[in-house]
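Okay, so here's the structure we're looking at.
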Amino acid sequence: MIEQKLPEETSHGFTDVFCAYEEVCALYLILCAGAQELRSKYMESPEGRENGYEGGLPVPVWKIAEYMGLTIQERNLSILDVATSPVSIGMLMGKLDYGDPQKPIIHLENGISSSRKNYVVAHELGHFWMKELYKGAPEPECCSDTRLSVRYIEMLSDAFSAFLLLPIGALFQKEQEFIDLHPQRPVNLEEMLADVARDANVPYYYVLTGYEYIKAIICCVRAEPEDRKHFDAKLKAYLTGYFQNLRKQVDGIREEINRIDSIFFA
Ligand SMILES: [Zn+2]
């Protein structure tokens, strides 16, 4: 029997890891572009103009959801709490009811803070965006379901919600304002992020997790071309395939990221 040798680059796993990271960053950029598209649609609509939304913080996610045809129903979801099920964790804060695609509903737990409600609505909008775009997308049984196929969709909806609630341009403008007002060094990062959370009306915790998604795409976009070959290849595949309508948004985000002062890049 001939011994089969693994190619050297896969034998230690590191190259694979970087390749997978770049590929997931390309998907994050697509989600970021999708979130940007929703905001732009609302901003350019008669409703958005009437409400004076110009793309800053906080992002009016409830109004965006309603503009997209969703109804938000606040109620006590604890009756649906599935924490005792073997495949679930945590509490149910929101649920997208896509049973009738003409009349999608976001069920929202009414006993949580307004900032947390914003996050939940943005997260459910992420599910909605994926369902609309790709009707065959796996249905999340429930956001607290622990099965891996469901966790993957939940992670994508979380990334989408971060990109929706924290537009990159508005975020870094806010940081610039904070730094101008607080010239002492080093910058008090905790205070700055708390400021962002307050202006975005999003829980502090979600600002922190959201930053990880945002940083991931910033790093890939700003990397030297030879260091982001997998990212570029995957992005090209997305933009010549299923997501070609997002090309303009992706280009706009890349330009915005390249304009950011590298002080924010650490
Ligand atoms: Zn979910």
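The values are calculated or read from the model by the stated rules, or taken from the named source; none is laboratory data. All values reported here derive from a predicted model rather than from experimental measurement. Positions of Cβ are generated from backbone atoms using ideal geometry, with glycine treated the same way; all protein chains shown enter the neighbour counts.
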Under 30 Å from Tyr242 (Cα atoms), part of a helix (DSSP H, G or I), at pLDDT 90 or above and among the aliphatic types (A, V, I, L, M): does that describe Val150?
no
Which one is surrounded by the most Cβ atoms within 10 Å (Cβ to Cβ), of the residues in segment 168-202 that are in a loop (DSSP other than H, G, I, E, B) and at pLDDT below 95?
Val187
Check on Pro183, under 19 Å from Val120 (Cα atoms) and more than 14 Å from the chain's Cα centre (by Cα)
no
Residue satisfying condition, being part of a loop (DSSP other than H, G, I, E, B), away from the ligand (no atom under 16 Å from the Cβ) and modelled with pLDDT of 95 or more, within set Gly111, Gly69
Gly69
Go through (1) polar (S, T, N, Q); (2) over 26 Å from Leu235 (Cα atoms); (3) at pLDDT below 95 and name the single condition Thr10 misses.
(2)
